[in-house]
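The values are calculated or read from the model by the stated rules, or taken from the named source; none is laboratory data. Bear in mind that the values here come from a model prediction, so they are computed numbers and not experimental data. Cβ coordinates were reconstructed from backbone atoms using ideal geometry, including for glycine residues, and neighbour counts include every protein chain displayed. Heavy atoms of the whole protein, side chains included, go into the accessibility calculation; ligands, DNA and RNA do not. Shrake-Rupley method; radii C 1.70, N 1.55, O 1.52, S 1.80 Å.
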2 protein chains.
Amino acid sequence: MKPFETVLAELSDDLVLRDRDVIGRFTTDFRRKFSGDSPALLRPRTTEDVARIVSLCGQHKVALVPVGGNTGYCGGSTPDKSGEQLIISLERMNNVRELDVDNLSVTVEAGCILSNIQDLAEQEQLLFPLSLGSQQSCQIGGNISTNAGGVSALRYGVTRDLVLGLEAVLPDGSILSNLSPLRKDNRGYALHQLLIGAEGSLGIVTAASLRLFLAPIRRVTAFVAINDITDLMPLLAKAQQYTGEAMSSFEYVSRASLDLLLDKKNGLRPPLSGKDQHYILMEAVTSSPVLNLNEMIECLFEDCISDGIVVDGTIATSERQRRDLWHLRENIPEGEVLHGGSVKHDVSVRVSDMARFVQLGTALVERYGHGARLSVYGHVGDGNVHFNVLSPEGVNCSAFLDLIATEVSPRIYDLVAKMDGSFSAEYGLGQAKLDLQRTYGDPTKRRLMSSLKALIDPAGTLTPGKVVEQASYEI
Amino acid sequence: MKPFETVLAELSDDLVLRDRDVIGRFTTDFRRKFSGDSPALLRPRTTEDVARIVSLCGQHKVALVPVGGNTGYCGGSTPDKSGEQLIISLERMNNVRELDVDNLSVTVEAGCILSNIQDLAEQEQLLFPLSLGSQQSCQIGGNISTNAGGVSALRYGVTRDLVLGLEAVLPDGSILSNLSPLRKDNRGYALHQLLIGAEGSLGIVTAASLRLFLAPIRRVTAFVAINDITDLMPLLAKAQQYTGEAMSSFEYVSRASLDLLLDKKNGLRPPLSGKDQHYILMEAVTSSPVLNLNEMIECLFEDCISDGIVVDGTIATSERQRRDLWHLRENIPEGEVLHGGSVKHDVSVRVSDMARFVQLGTALVERYGHGARLSVYGHVGDGNVHFNVLSPEGVNCSAFLDLIATEVSPRIYDLVAKMDGSFSAEYGLGQAKLDLQRTYGDPTKRRLMSSLKALIDPAGTLTPGKVVEQASYEI
């Protein structure tokens, strides 16, 4: 009997699902870059179930791959092709354990869908600010394990900043439990920080206590054209100043990304009539009934128009208009898919280097890209841009993108490294970026990561072959 | 030759200081609760110096105790009595390596005094928001190693939230270097999070990149009396709402703390004439030239007075008045010292449990405290209160405080544990709170902390006997 069969035999039937169709939802990643196989999907109902599964896998040296909503971009939750790795999904652990309105906190299990947590908060006139394209299907356990970013990080931070407490099952089956939603706690090492962003390789997050905020009661959303990419920074600085740092989103959309979308999706209208090259979608929110956001934005625009930074713009005057603006921004990735895909570069540099990076990166693609198109957009207020390269119209996408990955991507990553930036701002490493970590990662960090993995998961059964270079594992 | 002599002999004279007076500044802790001895103070000028010192100590199994401004409350930087532990101070590593105004970041060496960093930011119309009583003498390396909190955490977070990048020397002498001031970076494990708050036991922080914010150009500071301790929460909620979360400080001052101070310090005047029991010092700040903070605060007070939450109050109308209000708040610890000292309990609970904790804690002291006085004050907006117990007038302080520590403290900590709170909200563990960690700490966390310490510092030379329970160390 194969070791994984021994594990499955020891688990109650209720926890084990062998339905090939269901398993098939998890054996290929969201972007269809990685595929594998698995004999069974394990679906625990409780933290104790998770502990038992993890213990058994450790004991029998069976690889266990945790999966959330399978919306990641780096194959972090796709099993390998051996057909012997088990998948574990916490989708049935989707209880809200506690909502403490006065403490502005909610304690949820890892299988909760992100948008359900947002909705729950909204019902109490509160806000859970984590917001990203896949929010209707991604799970908070996955968000935590990948330290998800999204469109509100400028004001509210990334997932790490939103986690007050954590419960996780460690590879030896023990439960690390510190769910108390405290704002301050200096009792020794910040172990839960190590699990945030570890993509399931050091333990499986089973529940978390999250920070909530007061719900915005006023919101102003604007879409503006800037004169030049170098106007990004001055606009951001002024926007932060005028709004008193109430700016929650500051998203860049290149003309190229917008055109791609308008070409491919019917029924979408350009928000501005001109042919400007660089746009910013910005949003400021407030919970205050006496803060006049519109006045702030008007002062900001007056200032920026007279400076020549902003050359055109529109302010949403209804929720419908606001949604339309966000709809454009959020559909850019789909525009790329409809075009035939892209080679994505999820990079971050200093906010002060953002424009220079876009300029230099664009020059690289122009020089070495064989006529490639660009789609550049993203969270420039955080110094994070999605710098994506697409095939020219009428060219075989798949072969072309392979060429780009080989000839252009290394140059872009070299540029990022030279600018002291990150080759993975928000997507994590998964299995897709282990080679980048080998090339660009700090050797001391890589060595310490491997040591930590070996210490905490000595059998190497938790999601092997991802995130961290393991000295060797027998699985 | 003793091993420490071997280490000292291998270091250049410039790095070694044997002056007994200078060493004496570090052999007793700030609160005079712990004392020890050391043969020499090591004063590196560079990260490489630190690496060499750490390596040599590891090699010869000589204990090394990092010290910052020696302002900690838990004896975390005091050597033991053996006279064989070396002290290392980074006071000569106080360079500003880079200030990037557009990126809102500054990269400083660990020996920089906190207030110098604040001043540097202010010169550029920026803000480094970390602010605490000892800011004129504490060093940023110590702030990071203890994850310091302070009076602005409500809006700007604790030190952990302000660190963008870190450089540290690990116990094996290798340098972990990731100083790039990025807002987003998901390249594997968040190792620097592990060093923040580790009190020097896993590595010595040598430099850090810190987040800056726009400097406030308007500020409103108010001191109000609330009707009852249970009005804390509703006032905080309304204050956050009206100011759109621009509230940066929300500090509680009990009548007892205020009286203690007015009794002991001449020239201080009570800000309000009544005899109310509970006060809040609150401050909101904004960088916006169009945000009317005064209007917000007036609306807030109108609402709270009509609700009966606020019974009296004053708003500072000049910088002088503002400073006087803060002066009162900041002098409370000195009031306690002048009284003869206190048994401090630096606890946190949920913000929603804050009032209940103060009520139940006060009842415990009334019942078991042999007539003790209380001084309760602190960062209640973060759920963090300093719940300090003092001797009655005319009683021998030292003996009485010992009695309190034995008979009352355990009951207070039991209460905190029952409320799922923390027995160390911002002070850390040092050597003072290792026993509390043994009693109340999560066993899984304690075990993992010890394993991490053994992995990263196998010789156990970095600040032994503090923060973490070491299985055994030979030093």
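Check the stretch A:245-261 and report whether any residue there is part of a loop (DSSP other than H, G, I, E, B), in contact with a strand residue (DSSP E or B) (Cβ under 7 Å, 6 or more places away or on another chain) and either over 30 Å from residue A:337 (Cβ atoms) or open to solvent by 10 Å² or more (accessible area, probe 1.4 Å) (or both).
Residues of the stretch A:245-261 part of a loop (DSSP other than H, G, I, E, B): A:245-246.
Still in the running and in contact with a strand residue (DSSP E or B) (Cβ under 7 Å, 6 or more places away or on another chain): A:245-246.
If we keep only those that are either over 30 Å from residue A:337 (Cβ atoms) or open to solvent by 10 Å² or more (accessible area, probe 1.4 Å) (or both) too, we end up with A:245-246.
Within the stretch A:245-261 (the criterion being part of a loop (DSSP other than H, G, I, E, B), in contact with a strand residue (DSSP E or B) (Cβ under 7 Å, 6 or more places away or on another chain) and either over 30 Å from residue A:337 (Cβ atoms) or open to solvent by 10 Å² or more (accessible area, probe 1.4 Å) (or both)), the answer is yes, since at least one residue qualifies.
Quickly run through the stretch A:165-176 and pick out the residues that are of a type outside the set (A, V, I, L, M, F, W, C) and more than 7 Å from chain B (Cβ to nearest Cβ). Break it down stepwise before answering.
First, the residues of the stretch A:165-176 that are of a type outside the set (A, V, I, L, M, F, W, C): A:165, A:167, A:171-174.
If the condition is that a residue be of a type outside the set (A, V, I, L, M, F, W, C) and more than 7 Å from chain B (Cβ to nearest Cβ), then A:165, A:167, A:171, A:172, A:173 are the ones that fit.
Of the residues in the stretch A:145-166, how many are buried (at least 23 other Cβ atoms within 10 Å of the Cβ) and of a type in the set (Asp, Glu)?
0
Which count do you get for residues in the stretch B:400-421 that are in contact with a strand residue (DSSP E or B) (Cβ under 8 Å, 6 or more places away or on another chain), more than 13 Å from every other protein chain (Cβ to nearest Cβ) and in a helix (DSSP H, G or I)?
5
Being open to solvent by 10 Å² or more (accessible area, probe 1.4 Å), in a helix (DSSP H, G or I) and either more than 14 Å from chain B (Cβ to nearest Cβ) or out of contact with any Lys or Arg (no Cβ under 8 Å at 6 or more places or on another chain) (or both) is the requirement here; does residue A:236 meet it?
Details: open to solvent by 10 Å² or more (accessible area, probe 1.4 Å): yes; in a helix (DSSP H, G or I): yes; either more than 14 Å from chain B (Cβ to nearest Cβ) or out of contact with any Lys or Arg (no Cβ under 8 Å at 6 or more places or on another chain) (or both): yes.
Yes: the conditions hold for residue A:236.
Residues of the stretch A:394-421 being within 28 Å of residue B:168 (Cα to Cα) and open to solvent by 60 Å² or more (accessible area, probe 1.4 Å), which ones? So that I can check it myself, show each step before the final result.
Going through the stretch A:394-421, the residues within 28 Å of residue B:168 (Cα to Cα) turn out to be A:413-421.
Once the filter is applied, which keeps residues that are within 28 Å of residue B:168 (Cα to Cα) and open to solvent by 60 Å² or more (accessible area, probe 1.4 Å), the stretch A:394-421 yields A:414, A:418, A:420.
Looking at this structure, is residue A:380 touching a Cys at 6+ places or on another chain (Cβ under 7 Å), modelled with pLDDT of 95 or more and either closer than 19 Å to residue A:221 by Cβ or among the β-branched types (Val, Ile, Thr) (or both)?
Values: touching a Cys at 6+ places or on another chain (Cβ under 7 Å): no; modelled with pLDDT of 95 or more: yes; either closer than 19 Å to residue A:221 by Cβ or among the β-branched types (Val, Ile, Thr) (or both): yes.
Criteria not met by residue A:380.
Does residue A:378 fit the bill of being buried (at least 24 other Cβ atoms within 10 Å of the Cβ) and of a type outside the set (A, V, I, L, M, F, W, C)? Talk me through it step by step, then tell me what you get.
On the way: buried (at least 24 other Cβ atoms within 10 Å of the Cβ): yes; of a type outside the set (A, V, I, L, M, F, W, C): yes.
For residue A:378, the condition - buried (at least 24 other Cβ atoms within 10 Å of the Cβ) and of a type outside the set (A, V, I, L, M, F, W, C) - is met.
Which residue is least open to solvent (accessible area, probe 1.4 Å), if the candidates are limited to the stretch B:112-139 and must be more than 14 Å from chain A (Cβ to nearest Cβ) and of a type in the set (Asp, Glu)?
Start the filter on the stretch B:112-139 by keeping residues that are more than 14 Å from chain A (Cβ to nearest Cβ), which leaves B:112-123, B:128, B:131, B:133-139.
Add one more test, that the residue is of a type in the set (Asp, Glu), and what stays is B:119, B:122.
Details: B:119: 73, B:122: 123 Å².
Only one residue tops the list, namely B:119.
Suppose we filter B:18, B:32 for residues that are at pLDDT 95 or above and open to solvent by 70 Å² or more (accessible area, probe 1.4 Å); which single one remains?
B:18
Looking for whichever is free of Cβ contacts under 8 Å to residues at least 60 places away in the same chain and closer than 24 Å to residue A:445 by Cα here; the options are A:164, A:195, A:202, A:132. Which one fits?
Working: A:164 fails: closer than 24 Å to residue A:445 by Cα; A:202 fails: free of Cβ contacts under 8 Å to residues at least 60 places away in the same chain; A:132 fails: closer than 24 Å to residue A:445 by Cα.
When all the criteria are applied, what remains is A:195.
Please verify whether residue B:290 is within 14 Å of another protein chain (Cβ to nearest Cβ), among the β-branched types (Val, Ile, Thr) and open to solvent by 30 Å² or more (accessible area, probe 1.4 Å), treating the condition exactly as stated.
When the stated conditions are applied, residue B:290 passes them.
Can you give me the number of residues within the stretch A:310-366 that are more than 14 Å from chain B (Cβ to nearest Cβ) and in a helix (DSSP H, G or I)?
The qualifying residues number 29.
Only one of A:355, A:363, A:316 is closer than 29 Å to residue A:74 by Cα, crowded, with 19+ Cβ neighbours inside 10 Å and hydrophobic (A, V, I, L, M, F, W, C). Can you tell me which? Write out each step before concluding.
On the way: A:363 fails: crowded, with 19+ Cβ neighbours inside 10 Å; A:316 fails: closer than 29 Å to residue A:74 by Cα.
Criteria check complete, one pass: A:355.
Determine if the stretch B:177-197 includes at least one residue that is more than 7 Å from chain A (Cβ to nearest Cβ), touching a helix residue (DSSP H, G or I) at 6+ places or on another chain (Cβ under 7 Å), at pLDDT 95 or above and outside any loop (DSSP other than H, G, I, E, B).
Kept after step one, since they are more than 7 Å from chain A (Cβ to nearest Cβ), are these residues of the stretch B:177-197: B:179, B:192, B:195.
Narrowing the set further to residues that are touching a helix residue (DSSP H, G or I) at 6+ places or on another chain (Cβ under 7 Å) leaves none.
Within the stretch B:177-197, not a single residue is more than 7 Å from chain A (Cβ to nearest Cβ), touching a helix residue (DSSP H, G or I) at 6+ places or on another chain (Cβ under 7 Å), at pLDDT 95 or above and outside any loop (DSSP other than H, G, I, E, B).
Filtering the stretch A:367-399 down to residues that are more than 18 Å from residue A:425 (Cβ to Cβ), in a helix (DSSP H, G or I) and among the small types (Gly, Ala, Ser), which residue is nearest to the other protein chains (Cβ to nearest Cβ)?
Narrowing the stretch A:367-399 to residues more than 18 Å from residue A:425 (Cβ to Cβ): A:367-373, A:390-399.
Okay, now just the ones that are also in a helix (DSSP H, G or I), so A:367-368, A:397-399.
Subset that is among the small types (Gly, Ala, Ser): A:398-399.
On the way: A:398: 27, A:399: 30 Å.
The extreme case among them is A:398.
Answer yes if at least one residue in the stretch B:154-164 is within 9 Å of chain A (Cβ to nearest Cβ), in a loop (DSSP other than H, G, I, E, B) and modelled with pLDDT of 95 or more, and no otherwise.
Looking through the stretch B:154-164, at least one residue is within 9 Å of chain A (Cβ to nearest Cβ), in a loop (DSSP other than H, G, I, E, B) and modelled with pLDDT of 95 or more.
Could you count how many residues in the stretch A:42-62 are crowded, with 24+ Cβ neighbours inside 10 Å and touching a residue at least 60 places away in the same chain (Cβ under 8 Å)?
Matching residues across the stretch A:42-62 total 3.
Among what's in the stretch B:422-443 and is at the interface with another protein chain (Cβ under 7 Å from one of its Cβ atoms) and among the small types (Gly, Ala, Ser), pick the residue that is surrounded by the fewest Cβ atoms within 10 Å (Cβ to Cβ).
B:441
Need the failing condition index for residue B:446 against (1) part of a helix (DSSP H, G or I); (2) crowded, with 22+ Cβ neighbours inside 10 Å, just the number.
(2)
Looking at the stretch B:110-122, is at least one residue within 22 Å of residue A:193 (Cβ to Cβ) and either within 17 Å of the chain's Cα centre (by Cα) or not charged (D, E, K, R) (or both)? Before you say what the answer is, go through the steps one by one.
First, the residues of the stretch B:110-122 that are within 22 Å of residue A:193 (Cβ to Cβ): B:110.
From the residues that got through so far, the ones that are either within 17 Å of the chain's Cα centre (by Cα) or not charged (D, E, K, R) (or both) too are B:110.
Among the residues of the stretch B:110-122, at least one is within 22 Å of residue A:193 (Cβ to Cβ) and either within 17 Å of the chain's Cα centre (by Cα) or not charged (D, E, K, R) (or both), which makes the answer yes.
Return the pairs, sorted by first residue and then second, in which the second residue is surrounded by 13 or more Cβ atoms within 10 Å (Cβ to Cβ), the first residue lies in the stretch B:393-408 and is free of Cβ contacts under 8 Å to residues at least 40 places away in the same chain, the beta carbons are less than 6 Å apart, and the residues are 6+ apart or on different chains.
B:400/B:391; B:407/B:368
Would you please name the residue that is farthest from residue B:169 (Cα to Cα), looking only at residues in the stretch B:449-463 that are more than 9 Å from chain A (Cβ to nearest Cβ) and open to solvent by 10 Å² or more (accessible area, probe 1.4 Å)?
Keep residues of the stretch B:449-463 that are more than 9 Å from chain A (Cβ to nearest Cβ), which gives B:450, B:457-463.
Retained after the next criterion (residues that are open to solvent by 10 Å² or more (accessible area, probe 1.4 Å)): B:450, B:458-459.
Numbers: B:450: 19, B:458: 15, B:459: 15 Å.
That would be B:450.
Taking interchain pairs and intrachain pairs at least six residues apart, which have beta carbon atoms under 8 angstrom, with the first residue in the stretch A:361-386 and without any contact (Cβ under 8 Å) to a residue 24 or more places away in the chain and under 14 Å from residue A:416 (Cα atoms) and the second aliphatic (A, V, I, L, M) and not in a loop (DSSP other than H, G, I, E, B)?
Once the first residue is without any contact (Cβ under 8 Å) to a residue 24 or more places away in the chain and under 14 Å from residue A:416 (Cα atoms) and sits in the stretch A:361-386, its partners that are aliphatic (A, V, I, L, M) and not in a loop (DSSP other than H, G, I, E, B) give A:362/A:374; A:362/A:376.
Could you pull out the residue among A:194, A:214, A:179 that is more than 30 Å from residue B:455 (Cβ to Cβ) and surrounded by fewer than 24 Cβ atoms within 10 Å (Cβ to Cβ)? Walk me through it before giving the result.
Values: A:194 fails: more than 30 Å from residue B:455 (Cβ to Cβ); A:179 fails: more than 30 Å from residue B:455 (Cβ to Cβ).
Exactly one residue qualifies, and that residue is A:214.
Taking the stated definitions as given, is residue A:269 away from chain B (no Cβ under 14 Å), assigned to a helix (DSSP H, G or I), surrounded by fewer than 19 Cβ atoms within 10 Å (Cβ to Cβ) and among the basic types (Lys, Arg)? Step through it out loud before you land on a result.
On the way: away from chain B (no Cβ under 14 Å): yes; assigned to a helix (DSSP H, G or I): no; surrounded by fewer than 19 Cβ atoms within 10 Å (Cβ to Cβ): yes; among the basic types (Lys, Arg): yes.
When the stated conditions are applied, residue A:269 does not pass them.
Being in contact with a strand residue (DSSP E or B) (Cβ under 9 Å, 6 or more places away or on another chain), open to solvent by 10 Å² or more (accessible area, probe 1.4 Å) and of a type outside the set (Val, Ile, Thr) is the filter here, so list the residues in the stretch B:93-111 that pass it.
B:94, B:95, B:97, B:98, B:99, B:100, B:104, B:109
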